[in-house]
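The values are calculated or read from the model by the stated rules, or taken from the named source; none is laboratory data. Keep in mind the model is a prediction, meaning the values are calculated, not measured. Don't worry about glycine lacking a Cβ; one is built from the backbone with ideal geometry, like all the others, and counts go over all protein chains shown. Accessible surface is based on the protein model in full, side chains and every heavy atom, while ligands, DNA and RNA are left aside. Shrake-Rupley method; radii C 1.70, N 1.55, O 1.52, S 1.80 Å.
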Amino acid sequence: MSYLARYARFNQNIRFALILITMFVFAACASGGDGGQSTSLTGAGATFPYPLYTKWIAEYAKLSPGIAINYQSIGSGGGIRQLTERTVDFGASDAPMSDEQIEKAQGVIHIPTCIGAVVLAYNVEGVSTGLNLSADAIAGIYLGEIKQWDDPKIKTLNPDLALPAKPISSVHRSDGSGTTKIFLDYLSAVSPAWAKGPGSGTSVSWPGGLGAKGNEGVAAQVKSQPNTIGYIELAYAVQNRMSVAKLQNKAGKMVEPTLQSTTDSARAFAGKIPDDLRVSIVNADGETAYPIAGFTYILLRTRQDNEAKGKALVAFLRYALTQGQSHAGELHYASLPAEVIEKAQKRLDLVTGPSGVKLQ
Amino acid sequence: MTTEAITLDSHSQSTKPPSDAASHLLHADFGERRRKWFSHFVVALCGVSAVVVLVPLASIFLYIINKGAPGLSLDFFTKLPTPVGVAGGGLSNAVLGTLTLIGIASAIGLPIGILAGVYVAEVGKGRVADLIRFFAEVLSGVPSITIGVFVYAVLVVPMKTFSAFAGGVSLAIIMIPTVARTTEELLRMVPSQLREASLALGVPQWKTSIFIVLRTAAPGILTGVMLGIARIAGETAPLLFTAFNNRFLSTRLDQPIASLPVQILTYATSPYAEWQQKAWTGAFVLVFVILILNLIARLGTRRQVGGAS
Amino acid sequence: MKTAANAPSTVDPPAPASFAEKGRDKWGALQGVHWGDKIFHYTTGTFAILVLALPLLMMVMLIAASRLSITNFGPAFLVDTQWDPVREEFGALPFIFGTVVSSLLALLLAVPVSLGLAIFLSELCPKKLRKPLGFFSELLAAIPSVVYGFWGIFVMLPWLRDSVQPALARWFGFLPIFQGQALGFGMLAAAMILAIMIVPTIASISRDVLRAVPDTEREAAIALGATPWETIRHAVLPMAKSGILGAVILGLNRALGETMAVTMVIGNRPKISASLFDPSHSMASVIANELIEAEKDIHVSSLSQIALLLFGVALVMNLGARWLVSGVKRRAAKITASVKLETSK
């Protein structure tokens, strides 16, 4: 008998039913949702231009309120993969796609949005500024051959600095990254040992060091761990007030990564930019050019699956190529040369709707 | 001597007379000093390990409260995240997103879990039921990241979009075995007299199962459900590939959606101080909600007879 | 489904026997019963089949997704140490190594503490403290792993880097496992955070197992003059042994599949190194890092194969553990039953 008394708790059952019903209703509401009026675009990829893209998206939302652009910085490799899988409306990458990849994704247009510099940010005890590095030194550090901060190879470049006798820990990207690609394009170009060893790509087999996810992750690790060095986009270094190394360029000069020196390295390639805009601009000529710079791209399918989304995306990119460029400088990205903007606008004309008819 | 007394105390509930006798024997002090000291030593060691376990727990809570609580404000729940370097903003997208994901996961996982549990306990007998129990066990042991890979392959890639739905499904899969097992265990605990009484009155089996047995066990099942929800609320790994993330409020099933755990991950590993601050506050909110769910579930269990397994 | 066809209804004592005795058709459905019952049977049955189908489907899908990698690398995948996306060479050994070593090390750290806690909770702790202590230790299990990782980065890593690792290097630096630079990030950090995360699992199951040992065993030992420790050592632990082993395996299972917290502190480097101070990688964390980012199909396929491996390992571990735990409870039940029989005579 006591069982009945204990178990038959009607009020509790009703509560139980109510909670269940609430959940179902909640889920139903979620599925019903608001659709219609607004166009939402999902993009994913490079972490390199992420601060700039969020700025553009916020500014663009003020100009045309109906469009919500959700950009997630997962890494350039992710941008290429997810564009190919068609899980996103646009991808972003600092590494141009290969012909094979473009074919697999059934036609992709590369729109450069800005120029960034990959800088070597460091956190070394007793050295707050003024570190000089050469290509050999960087390759040595990342190959694991230079193990200590007071290694002769670093010392000769920095006779005035009090380098500690502490082990170097190098930080690299653990995700598929275009920043890695730009950095390694440079290392492969200047260091035969690197080209023969790990080579270049969005993710490679690293001989040593720590892996961190995204430019954010590398910056966070260098910032928090003493005696580390890592390669990140200039904007991340400036925003986080991190020390960055001067690099020896092709002309043999030590150059600090700045907006100007980045622009200069792009200028060295003037007239050599192909029409499809896929180009690597590392190790540029010129005395003032910073050697590790690169375009970052937004990738979109030539044939858009959805006309409305395609139109919204092209409109956003045209904004980025024109008014958007003025925000680049304030966030420490170099704006595009006029030649590149012109070529990019022409590429945008090629985008078609699902039926193959041009959008404009 | 006190520890011996305690030992006996804690085990004397079921069979009183023999333990009383034993305690008399013990108090007569037969043992050598060395044995006693060694015993005390081990007992102390066990006590120390209890303290050792509490240290990281205390540290985690202190940090979450110290760093997270100051960031709590209405804005945190009502505003969207701001671009890097712009002050203010909140994580309303993540808070709402987590709630939506839990809603979807519950809508999918609860019916499957509960009805499967009912089947195993009330309907299926023999090998079928054993087989289902076996597979539920298997499912409960699968790492959540593997479930993420699975849902990515079967839902995200074919649907050509990351979506709240895919996120909800992966959380539901994590939830199903827990709910099914709790349901089964609790239904088995319902005394058979109750069933027999109902059946003897001519009530069909299905009505008995639903309106007598299931309803009787409902409070206990609710406990299980809440523990299940508490578990999925903090899941991160499978959401990376399924629900993805979204800077905006989204209530659509076919769009990516934000969630607190993923947002905490993004912000925690970022170099920006204000983002890390938001991550601490997010962690505070998440842990707080999960603890409340656990607490309610446990208090509920205590009130009930033999609710816990 | 086939097994359902001629399945004899096994006897399950505590369960209601109502449905089991009715006739069944070739699908195992009931015959000659109320229509509502049939609907009830089929609906619940469908959902139950879903539970059965999910893991199978998962396995099939994972095998399908890893086909490219399986045909390309064959069994060498398991022993190859190269993980080179540029040259499209993929071997899972660094990840298997990282997962296995970090998990075993976590066990080494967690098992003594968990057992101490379980024994304390079940045998020694004052009754009033038992519930709150048990509750607090289980709270550890409720904290999401991303929060563990977060705390790990900001609290545990600096502590490891500045205090633990230098001390270990000073006192045990002659051992290769404690050499190299103290980064905080690395195998040791992963093992520590895993240890903290699996303590509640091992402790709470061990406690249940210990409590399942009948008091008569303890009383017998005490009556013979055993000290509390001797009682535990000679009367309680032998009977709970395999159950505790089961709890340990369940803890190991949790450690093997743990993703976020490990990814955040392990350093993410796919290299095998003797030193625990060096960054490493794990099976779960490489999937989390690379699955949606891999450019090449063979890369994605290799990651899927790692997921398949995780699935297989989890399956074996889980079943083994459940079997061991239920063994103890069965044996204990038998003893309790026989004792009851004795006393009732």
Open item on the list: Please check: in the Gaussian network model of chain C (C-alpha springs, under 10 Å), which one of C:L108, C:L52, C:L175 has the largest mean-square fluctuation.
Closed with: C:L52
TODO: Restrict the search to the range C:129-217; then list the chymotrypsin sites (Phe, Trp or Tyr not before Pro) that DSSP places in a loop and that have at most 11 other Cβ atoms within 10 Å of their Cβ.
DONE: C:F174
- [ ] Determine, for each peptide in A:123-129, A:317-323, the mean count of other beta carbons within 10 angstrom over its residues, then list the peptides with the highest first.
- [x] A:317-323, A:123-129
- [ ] First measure r as the distance between the Cβ atoms of B:Q277 and C:N72, then evaluate 1/(1 + (r/R0)^6) with R0 = 51 Å and state the FRET efficiency to the nearest 0.05.
- [x] 0.65
- [ ] In nm, give the distance between the simple-model label positions of C:K334 and A:A308, each being 7 Å from the Cα along the Cα-to-Cβ direction.
- [x] 6.9
Open item on the list: Starting from the 7 Å offset along Cα-to-Cβ, what nm value, one decimal, do you get for the label separation of C:F172 and B:A87?
Closed with: 4.9
Task: Accessible-area order (highest first, 1.4 angstrom probe) of the listed residues A:E145, A:E103, C:E217, C:E123 - done: A:E103, A:E145, C:E217, C:E123
Open item on the list: Given Cβ point charges of +1 (Lys, Arg) and -1 (Asp, Glu) and nothing else, what value in debye, to the nearest 20, does the dipole of chain B about its Cα centre take?
Closed with: 200
Open item on the list: So with the 1.4 Å probe, I'd like the accessible area per residue for the range B:185-268, rounded to whole Å².
Closed with: 30
Open item on the list: Interface size between chain B and chain A, please: total buried accessible area, 1.4 Å probe, rounded to the nearest 100 Å².
Closed with: 4100
Open item on the list: Over the range A:100-231, with the other protein chains present, what is the accessible area per residue in square angstrom, probe 1.4 angstrom?
Closed with: 31
Task: Which of B:A233, B:I104, B:A200, positive extreme of dipole for the range B:74-308 (C-beta unit charges) - done: B:A200
Open item on the list: When a/c reaches 1.5 or more, the comparison of a/b and b/c decides; with that in mind, is the range B:74-308 rounded, prolate or oblate per its Cα gyration tensor?
Closed with: prolate
- [ ] Would you mind computing, in nm to one decimal, how far apart the modelled labels at C:A53 and A:E287 are, each placed 7 Å from Cα along Cα→Cβ?
- [x] 7.5
TODO: Mind running the shape call on chain C? Use the C-alpha gyration tensor, a ≥ b ≥ c as the square roots of the eigenvalues: rounded below 1.5 for a/c, prolate if a/b tops b/c, oblate otherwise.
DONE: oblate
Task: Carbon plus sulfur fraction of accessible area for chain A, probe 1.4 Å, in percent - done: 55
Task: Cα point-scatterer Debye curve for the range B:189-309, base-10 log of I(q)/I(0) at q = 0.17 Å⁻¹ - done: -0.90
Open item on the list: Leaving out ligands, DNA and RNA, and with a 1.4 Å probe, what % of the accessible surface on chain B is carbon or sulfur?
Closed with: 68
Task: Furthest towards positive pole of dipole, A:W149, A:Q101, B:L249, structure part the protein assembly as shown, Cβ charges - done: B:L249
- [ ] Convert each backbone phi in the range B:74-91 into a coupling constant with the Karplus relation 6.51 cos²θ - 1.76 cosθ + 1.60 (shift: θ = phi - 60°), then list the ³J(HN,Hα) values in order as whole Hz, x for Gly and Pro.
- [x] 5, 4, 4, 8, 10, 9, 7, x, 9, x, 3, x, 9, 6, x, x, x, 10
Task: At least 30 Å² accessible surface lost relative to isolated chain, residues of the range C:283-300 (1.4 Å probe) - done: C:I287, C:A288, C:N289, C:L291, C:I292, C:E293, C:E295, C:D297
TODO: Evaluate the charge dipole of the range C:69-335 about its Cα centre and quote only its size in Debye, nearest 20, assuming +1 on the Cβ of each Lys and Arg and -1 on the Cβ of each Asp and Glu.
DONE: 1220
- [ ] Run down the lysines and flag those whose C-alpha is under 19 Å from the C-alpha of A:K223, throwing out any fewer than 8 positions away in its chain.
- [x] A:K166, A:K213, A:K246, B:K278
Task: By average C-beta atoms within 10 angstrom, highest first, the peptides A:218-228, C:285-295 - done: C:285-295, A:218-228
Open item on the list: Using Cα-Cα distances under 8 Å and only pairs 6 or more residues apart, what relative contact order does chain C have, in percent?
Closed with: 23
- [ ] Using a 10 angstrom cutoff on alpha carbons, build the Gaussian network for chain B and name the most mobile of B:A243, B:A218, B:A258.
- [x] B:A218
- [ ] Treating the angle as unsigned and between 0 and 90°, give the value, to the nearest 10°, between the Cα long axis of helix A:307-321 and the longest Cα principal axis of chain A.
- [x] 30
Task: Area buried, chain C against chain A - accessible surface, total, 1.4 angstrom probe, square angstrom - done: 2400
Open item on the list: So if each residue of separation counts as 0.36 nm, and I subtract the Cα-Cα distance between C:W323 and C:L108, what length gain in nm does that give?
Closed with: 75.2 nm
TODO: Pick out the long, greasy-scoring helices in chain C: whole DSSP H runs spanning 27 Å or more along their own axis by Cα, mean Kyte-Doolittle at least 0.0.
DONE: C:35-65, C:93-119, C:187-212, C:237-257, C:297-344
TODO: Keeping the other protein chains in place, figure out the carbon and sulfur percent of the accessible area of the range C:69-335, with a 1.4 Å probe.
DONE: 69
- [ ] Go through A:V351, A:N158, C:L250 and say which Cα lies farthest out towards the positive end of the charge dipole of the protein assembly as shown; charges sit on Cβ, +1 for Lys and Arg, -1 for Asp and Glu.
- [x] C:L250
TODO: With an 8 Å cut-off on Cα pairs and a minimum separation of 6 or more residues, tell me the relative contact order of chain B in percent.
DONE: 23
Task: Solvent exposure of the range C:69-335 as accessible area per residue, Å², 1.4 Å probe - done: 34
Task: Sparse-neighbourhood loop sites, trypsin sites (Lys or Arg not before Pro) in the range A:111-186 - DSSP loop, at most 11 other Cβ within 10 angstrom - done: none
Open item on the list: Could you identify which residue out of B:G117, B:G126, B:G148 has the top mean-square fluctuation in a GNM of chain B using Cα springs shorter than 10 Å?
Closed with: B:G126
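Give me the extension gain from A:A193 to A:K272: residue separation times 0.36 nm, minus the current Cα-Cα distance, reported in nm with one decimal. Write out the running numbers ahead of the final one.
Working: separation 79, 0.36 × 79 = 28.44 nm, distance 2.80 nm.
Working it through step by step, the gained length comes to 25.6 nm.
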Task: Dipole magnitude of the protein assembly as shown about its Cα centre (Cβ charges: Lys, Arg +1; Asp, Glu -1), debye to nearest 20 - done: 2640
- [ ] Estimate for me the total accessible surface buried between chains B and C (protein heavy atoms, probe 1.4 Å, no ligands or nucleic acids), in Å² to the nearest 100.
- [x] 9000
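Helix-only estimate, please: 222 nm mean residue ellipticity of the protein assembly as shown, summing -39500 (n - 2.57) across DSSP H runs of length 4 or more and dividing by its residues, to the nearest 500.
Calculated at 222 nm, the ellipticity per residue is -18500 deg cm²/dmol.
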Task: Mean Cβ count within 10 Å, highest first, over the residues of peptides C:241-247, B:259-265 - done: B:259-265, C:241-247
- [ ] Please list, in chain and number order, the residues 5+ apart from A:H172 or on another chain whose amide H is under 5 Å from its amide H, with Hs placed from the backbone.
- [x] A:L210, A:G211, A:A212
